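Accompanying notes for the structure given below.
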Amino acid sequence: MTRILLVLCLVACFPLYAQSQKFTISVDNVPLKKVMKKVEGYKKYYFAYRTEFLQHANRVSVHVIEGTIEEVMEQALRGLGLNYLIVGNMITVRPDSTFPRFRKPELLAIDGHVTNEAGEPLVRVSVQESGSLSGTVSKNDGQFNISVKPNSVITFTSVGYESVDKLVKDQSFITIRLKPQVKDLDETVIIGYGKTSRRYNTGSVSKLSHSDIARQPVSDPLGTLQGRVPGLLITQSNGVPGSPYKVQLRGQSSIGIVPGKLPPNDPLFIIDGVPYAPNNTPLLGVTSGTAMGDLGRSPFSLLNVGDIDHIEVLKDADATAIYGSRGSNGVVLITTRKGKPGVASFTVNINNGYSKITRYADMMNTAQYVQMRREALMNDGLALDDRTAPDLLSWDTTRYTDFKKMLIGGKAVINNVQLSLSGGSNRLQYYFGAGYHRETTVFPGDLSNERLSGHVNLHYQSRDSNLTATLSVIVTGDKNRSILNDLTNLVNLAPNAPVLYDSTGKLNWEQGDLSFTNPMAISLRSYESKTSNLLGNLAINYRLTKGLVLKTSMGYNRLQSDEIGIIPGSSQNPFGTPNPEGNSYFGKINFNSWILEPQMEYNQYIGIGKISGLVGTTMQVQTHSVTTIDASDFANDELLRYLHEAGSQETKKFKTEYRYGGVFARLNSVLSDKYLINLTGRIDGSSRFGPGKQVGAFWAAGLGWIFSNEPFIKYTIPFISYGKLRGSYGVTGNDQIGDYRYLDKWQDITGAYLGRAGITPVQLADSNYSWEVGRKLEAAIELGLFKDRVIITAAYYRNRTGNQLISYALPVITGFNNYAAKNSAAVVQNTGWEMLVQTKNRLNKHWHLNGTVMLTMPRNKLIAFPNLATSPYSGSLEIGQSLSLLRGYAYTGVNSLTGVFEFKDEDGDGRISFPNDYRIRGHIAPAWYGSVQTNVQYKGWQLDIFWEIRRQRAESYLYPIYENKYPGTMLMNQPVMLLNRWQQRFDNAPFQQFTTGANGAASAAISHFVQSDGIIQDATFGRLKNIELSWRLPPQWLKNISLKNCRLYMQAQNLITITGYKGTDPETLSMFVLPPLRTIAFGVELSF
């Protein structure tokens, strides 16, 4: 009885408790259900009703502040013909029997048109009246019709586009323009002559976004790609500003026409639809060379990284076959920034920083150097006298100069300014950009690279959206002031070298009777270049009829570089060349290229999907000329810049013309939003082959299946939000062999015979050679898990390149060593796995955590080469092995009794000899490489960390040391590590005894050592490649100072390197090459 009374009391008191609850709700013109949800949000009541009671209820407005539930319900149900009843915490809603019956309101008949941002019609867009079951979809021409109640809201939704809500009052026709939905899987991806999305792409395409590019304080676009694309291996040649990069996509595919030297396998580079004229061929027009390396400077150092919006890398046949003979090694598409509709926005981005070398071995000090020299003389049985050791007797053995610190220990300064103005209307958008970049070197002296750039992009669309035109122009002016030699070559000078300048301020060249190399002489040997680059593209599209578009792309690229290298007489050792005279080296490089590509594209929606077709043609002409002039016999060093002052000149000129034409076609379909088909074909003609061999046909087929859209996956495995299987196979070509190799070549003979000039043959050609042919196979799976918060891609590829262009040996009696080029049935195979895992996690309203892991496991081998044993390649290639294989002696260590390097006697004949004891010792191609990226965001703060990892074997720092001069040689310093050498019997040491070269056994051992696997070392490394910390100021702070955006940031490049590799950097791998630089920069970005 007590329990019953308690329950009755609670029920009786509940209305008093309920009336004490206060509600604040303020909404206008919303569905009744939304008001109910707001009430339920207070967690005091829940609603019970039948769906049909609310189906035709009009939209309501409620404005209650600290009111009761009764006040809320009265306003919510006013005029709807409904009443309510509160029973405990349940509110029931039902028809009001006392409310007069009204006839069903009249419906509005609405016609409309749905398009994308470009004005193109969108098909199968869902058109739904909110709060009602009434709905329809747009037709093939984007038209729709629907009947709705007055003052209703119509919702438009479509896969890949943002939804739009439209309030309809009394309109009879509406036009809706949908914006693309920015999701990783639906983001636009540029492919050959078109666009697609990651979701519907059948090929292997990787994309680097503007945000990832902008995070890196680098001046060369190739540097931004390092470690960020599966299958793409990029290696910096040295740390001098403007130095080139080696680019390799999915392995080495060509053997080359020079036995023992693999050719570059650069992909095709296209900027805004225009092939970059020099591609990745380094620029060098002077015969004197430069500090940037023997090959010259990177042509991509002439591009402003700040102008780039995104970069796509096309890898498999499905993605590259449409480029035909140019796409065998892959394609890299660089797209520059464009304007967007909206109010004008002016952005200023300024950053400054500094750079220093990453890793370099510590060199011996003077005491250690003297100890090494004395020990070498003793080991060789030589007396310490003026003949064998003038560096110890004539020079001050207490003097010490740290040449490492002096020559490469400086601090390079970086200044960068980027300006941009963008905006426009729906019909005309514009982007204007300007940039200034200046970068000095770690070398002593006033050396720098300065670049001034401009960029214009205009996009126009006619009122009826039938005509669109886009103009893109990039202009760059660059001035490089450097020196002719990398000063890293001289870090190993004797640390007790005399003073570098005499009492009169002139260079000092000797002390006593011993002359030496003065490193400051190198700083007088200057190199300067002035380079201009113009690249423009005009793309015009016109829609003839529904779905049929005519396109034309016209492009032009002109690159011109004027170079001068100067070697003054004052920079030459007068004791080696008495009364030396200065020399000048002039060079001029010109690239001119134009391309025209008319196309026709047709898109048609059918009942089960979309079919697209594309046909087009390519006409390209490119000229390349180089003029070199070596000048001498100047009156004095002050006149070395003036060519007309030279008493003697030797001029060489060459000019080539490359003509290329092709016809291409593509057929693409997306059926039932699940089945993907992509067929491409191309017929090419190239001037790089002889008559009858100039035309080739290339094709590819790509298939895809989005299995996550199948009902048996969608409803049984719900955590798989996206799943796709794709595969491709195709044939591509390669004409990257150079011009005119199918013709005999002759050149002038220096001097004359009987007063007449002569010529001599320099190239014997065979006009029967043709394209290298690549056959590419790929299979991949792509998964999106947990609403695409985790995206996984795993791809296997197998590329086989046959019909190899190689050198062909000729009998000596012909007067030539070989043909310029000839086809071989040799086949090179590259296989591998590429894996990518991406995660995007929104932890809460303020915290975001994103991550990316990439891994590539490549394998390269030669699978066929008829008559290899009798070819010039027999010493460098082996069937079944990598093209980068290593042959040599098997190093076994240092003999504890004799103190010299030892090697395995493979044939057991009691001596070490070539080729009997030569064996395959492995290869130096990376076993695997990858990266790990982490991005953390909290409110306006963002931290991005990027690690690059590479597993490889490579030549160690010992190779140039022992190849150059023996440790113990006069005037040659060595790394401190070599002090761990053999000194006496039974010593267990990694390095043999010091020698001056007079010890026959030690010298022979060194000769074998540099041909053995003793110089090969594990060069695996993990590098903190890039880190950025930024803070975006809160918008409310910026209102009073008329700023749209203010971002402060710190960026670092090559910050930390973790490796067991000794001596120098594991990327450049040589003690005589400037290693990559560690860069730290600070900047501010402002938008007005």
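The values are calculated or read from the model by the stated rules, or taken from the named source; none is laboratory data. Just so it is clear, the structure is predicted and the values come from calculations on it, not from any experiment. Cβ coordinates were reconstructed from backbone atoms using ideal geometry, including for glycine residues, and neighbour counts include every protein chain displayed.
Some observations on this one:
- Contact map, region 29-57: first residue touching a residue at least 12 places away in the same chain (Cβ under 8 Å) and at negative phi, second residue crowded, with 18+ Cβ neighbours inside 10 Å and assigned to a helix (DSSP H, G or I), Cβ cut-off under 7 Å, separation 6 or more or different chains; pairs are Leu32/Ala76; Val35/Ala76; Val39/Val72; Tyr45/Val39; Tyr45/Ile69; Phe47/Met36; Leu54/Leu32; Ala57/Leu32.
- Residue in region 890-901 that is touching a Ser or Thr at 6+ places or on another chain (Cβ under 6 Å) and not in a loop (DSSP other than H, G, I, E, B) present: yes
- Any hit, region 23-40, residues being modelled with pLDDT of 80 or more, aromatic (Phe, Trp, Tyr) and assigned to a strand (DSSP E or B): yes
- Some residue of region 137-145 being crowded, with 18+ Cβ neighbours inside 10 Å, among the polar types (S, T, N, Q), farther than 21 Å from Phe300 by Cα and in contact (Cβ under 8 Å) with a residue 40 or more places away in the chain: no
- Listing of strands (runs of 3 or more DSSP E) fully contained in region 703-812 that carry 1 or more residues being touching a Pro at 6+ places or on another chain (Cβ under 7 Å) and modelled with pLDDT of 90 or more: none
- Checklist (1) farther than 30 Å from Gly784 by Cα; (2) polar (S, T, N, Q); (3) out of contact with any Ser or Thr (no Cβ under 8 Å at 6 or more places or on another chain); (4) surrounded by 22 or more Cβ atoms within 10 Å (Cβ to Cβ) applied to Asn734, failing item: (3)
- Scanning region 220-235 for residues that are in contact with a Pro (Cβ under 7 Å, 6 or more places away or on another chain) and crowded, with 23+ Cβ neighbours inside 10 Å gives no hits.
- Considering residues of region 497-538 that are of a type in the set (Val, Ile, Thr) and outside any loop (DSSP other than H, G, I, E, B) only, the residue farthest from Asn457 (Cα to Cα): Ile522
- Of all residues in region 539-553, those that are assigned to a strand (DSSP E or B) and either surrounded by 17 or more Cβ atoms within 10 Å (Cβ to Cβ) or on the phi > 0 side of the Ramachandran plot (or both) total 6.
- Residue match in region 509-530 (condition: of a type in the set (Val, Ile, Thr) and touching a residue at least 24 places away in the same chain (Cβ under 8 Å)): yes
- Boolean, Gly67 is outside the structural domain of Ser152 (by TED's automatic domain parsing) and on the phi > 0 side of the Ramachandran plot: no
- Cross-chain or 6+ apart pairs with Cβ under 8 Å, region 1027-1052 first and within 23 Å of Leu943 (Cβ to Cβ), then among the hydroxyl-bearing types (Ser, Thr, Tyr) and in a loop (DSSP other than H, G, I, E, B): none
- The one condition from (1) among the basic types (Lys, Arg); (2) under 23 Å from Arg399 (Cα atoms); (3) within 35 Å of the chain's Cα centre (by Cα) that Lys479 does not meet is (2).
- Unmet criterion (only one of (1) buried (at least 16 other Cβ atoms within 10 Å of the Cβ); (2) part of a strand (DSSP E or B); (3) under 21 Å from the mean Cα position of the chain (by Cα)) for Arg1047: (3)
- Residue in region 216-228 that is assigned to a strand (DSSP E or B) and either under 26 Å from Arg800 (Cβ atoms) or touching a Cys at 6+ places or on another chain (Cβ under 7 Å) (or both) present: no
- Within region 576-593, none of the residues are aromatic (Phe, Trp, Tyr), over 22 Å from Thr287 (Cα atoms) and in contact (Cβ under 8 Å) with a residue 40 or more places away in the chain.
- Close pairs from region 342-366: first over 30 Å from Gly1060 (Cβ atoms), partner among the aromatic types (Phe, Trp, Tyr) and at pLDDT 95 or above, Cβ under 8 Å, at least 6 apart: Asn351/Tyr1049; Asn351/Phe1082; Asn352/Phe1082
- Matching residues in region 956-977 - criterion: being surrounded by 20 or more Cβ atoms within 10 Å (Cβ to Cβ) and either closer than 15 Å to Asn895 by Cβ or of a type in the set (A, V, I, L, M, F, W, C) (or both): Leu958, Ile961
- Region 844-898, subset in contact with a Lys or Arg (Cβ under 6 Å, 6 or more places away or on another chain) and under 19 Å from Phe914 (Cα atoms), residue surrounded by the most Cβ atoms within 10 Å (Cβ to Cβ): Gly888
- Ile920 being of a type outside the set (Lys, Arg), in a strand (DSSP E or B), more than 13 Å from Gln1011 (Cβ to Cβ) and without any contact (Cβ under 8 Å) to a residue 60 or more places away in the chain: yes
- Options Gly119, Gly131, Gly88, Gly81; residue that is touching an Asp or Glu at 6+ places or on another chain (Cβ under 6 Å), among the small types (Gly, Ala, Ser) and at positive phi: Gly81
- The set of residues in region 411-430 being surrounded by 19 or more Cβ atoms within 10 Å (Cβ to Cβ) and either outside any strand (DSSP E or B) or not hydroxyl-bearing (Ser, Thr, Tyr) (or both) consists of Ala412, Ile414, Asn416, Gln418, Gly424, Gln429.
- Leading residue by the ranking (surrounded by the most Cβ atoms within 10 Å (Cβ to Cβ)) among those in region 624-649 that are touching a residue at least 60 places away in the same chain (Cβ under 8 Å) and not polar (S, T, N, Q): Leu640
- Qualifying residue in region 634-641 (condition: assigned to a strand (DSSP E or B) and either over 30 Å from Val762 (Cβ atoms) or of a type in the set (D, E, K, R) (or both)): no
- The residues of region 512-531 that are over 32 Å from the mean Cα position of the chain (by Cα), over 13 Å from Ile567 (Cα atoms) and buried (at least 19 other Cβ atoms within 10 Å of the Cβ), listed by number, are Leu514, Phe516, Asn518, Pro519.
- Tally of residues being out of contact with any strand residue (DSSP E or B) (no Cβ under 6 Å at 6 or more places or on another chain) and at pLDDT 95 or above across region 569-598: 0
- Failed condition for Tyr276, given (1) free of Cβ contacts under 8 Å to residues at least 24 places away in the same chain; (2) buried (at least 21 other Cβ atoms within 10 Å of the Cβ): (1)
- Just one of (1) basic (Lys, Arg); (2) surrounded by 15 or more Cβ atoms within 10 Å (Cβ to Cβ); (3) not in a strand (DSSP E or B) fails for Arg911. It is (2).
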